[in-house]
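Here the structure comes first, spelled out in structure tokens, and everything after it is commentary.
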Amino acid sequence: MATSDLMSAPAMPPALSTLVADRLREMITRGVLAPGERLKEAELADSMAVSRGPVREAISILERDGLIESQRHRGARVITLTYDDIEEVYSLRLAIERLAMERCAARITAETLAAMDDVLARMRALADGDDDHVALDLEFHDLVYEAADHARLRRTWSLLRSQVSMFLNARLDRDQFRSSAWSEHAELRDVLAEGDPAAAAAAIERHIGWTLRRIRETRAANPDQLASGPLSGPGPKGKTGL
């Protein structure tokens, strides 16, 4: 086939293993598959109406993403996050998001701001019982990384994103989220609109810094405790730090 034919050919659909991995990822991050739960290929294949091959490949994908661990003679299990794990994830997240915010502020466009406004509108419209809290939060931050225009930075975020989602779904206080998340993200949007990288970096320090400090305090007090429940105590001025 000529190169021109390849360029004009329709896009290939995602591999079945990728679709299975996406479904498993959502089940893990939302807590449907609990931390430490064993993943049985045959049962998962039957429940998804696929063969065991795509399930096996999907498990390998999620193992690379850090959501699944394989143990010799014991099979694959959903990871169990300790506060040590989460401290690593959040300290790295703060470092890369500081860079992402600086670059986003320097490159912000009307299109990016419009996309952020759309996320904020959907966030503000969330009703009691909605399950989209974490998804919208991370969608906003995805826009920041996309606008930062830094391929390696985006890849680093993609490696952390699922573990961040898993942790937030476990510890999120939804009442607190509804009361403050929209205003926090609107503040980030407005800082980015000003185009000041230093101000953007300071804003993300405030936004994520509280959660990182509470994780470190809890880890110091309970180093072996699993990070499976809400962090105690409200943030400054009700901040969620998500």
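All but one of (1) more than 23 Å from SER165 (Cα to Cα); (2) at pLDDT below 90; (3) among the aliphatic types (A, V, I, L, M) hold for VAL32, so report the exception by its number.
Checking VAL32 against (1) more than 23 Å from SER165 (Cα to Cα); (2) at pLDDT below 90; (3) among the aliphatic types (A, V, I, L, M), the one that fails is (1).
When only residues in region 68-118 that are among the β-branched types (Val, Ile, Thr) and modelled with pLDDT of 95 or more count, which is surrounded by the most Cβ atoms within 10 Å (Cβ to Cβ)? Even if it seems obvious, please write down each step before you answer.
First, pick out the residues of region 68-118 that are among the β-branched types (Val, Ile, Thr): 68, 78-80, 82, 86, 89, 96, 108-109, 112.
Checking which are modelled with pLDDT of 95 or more leaves us with 96, 108-109, 112.
Working: ILE96: 18, ILE108: 20, THR109: 10, THR112: 18.
The selected residue is ILE108.
Could you tell me which of the residues ASP175, ASP190 is part of a helix (DSSP H, G or I), at pLDDT 95 or above and open to solvent by 70 Å² or more (accessible area, probe 1.4 Å)? Spell out the reasoning first.
Values: ASP175 fails: at pLDDT 95 or above.
Residue meeting the stated conditions: ASP190.
What do you reckon, is ALA200 out of contact with any His (no Cβ under 8 Å at 6 or more places or on another chain), open to solvent by less than 30 Å² (accessible area, probe 1.4 Å) and either modelled with pLDDT under 95 or not in a loop (DSSP other than H, G, I, E, B) (or both)?
On the way: out of contact with any His (no Cβ under 8 Å at 6 or more places or on another chain): yes; open to solvent by less than 30 Å² (accessible area, probe 1.4 Å): yes; either modelled with pLDDT under 95 or not in a loop (DSSP other than H, G, I, E, B) (or both): yes.
Criteria met by ALA200.
Take region 19-62 and flag every residue that is closer than 19 Å to TRP157 by Cβ and open to solvent by 20 Å² or more (accessible area, probe 1.4 Å). Write out each step before concluding.
Step one: of region 19-62, the residues closer than 19 Å to TRP157 by Cβ are 21-22, 25-26, 28-29, 61-62.
Passing the criteria: ASP22, ARG25, GLU26, ILE61.
Report whether or not ARG124 is of a type in the set (Lys, Arg) and either crowded, with 16+ Cβ neighbours inside 10 Å or under 19 Å from the mean Cα position of the chain (by Cα) (or both).
Values: of a type in the set (Lys, Arg): yes; either crowded, with 16+ Cβ neighbours inside 10 Å or under 19 Å from the mean Cα position of the chain (by Cα) (or both): no.
For ARG124, the condition - of a type in the set (Lys, Arg) and either crowded, with 16+ Cβ neighbours inside 10 Å or under 19 Å from the mean Cα position of the chain (by Cα) (or both) - is not met.
The values are calculated or read from the model by the stated rules, or taken from the named source; none is laboratory data. Note that this is a predicted model, so its numbers are computed, not measured. As a convention, Cβ positions derive from the backbone with ideal geometry for all residues, glycine included, and neighbour counts pool all protein chains shown. We work out accessible area using only protein heavy atoms, side chains counted, and drop any ligands, DNA or RNA first. Shrake-Rupley method; radii C 1.70, N 1.55, O 1.52, S 1.80 Å.
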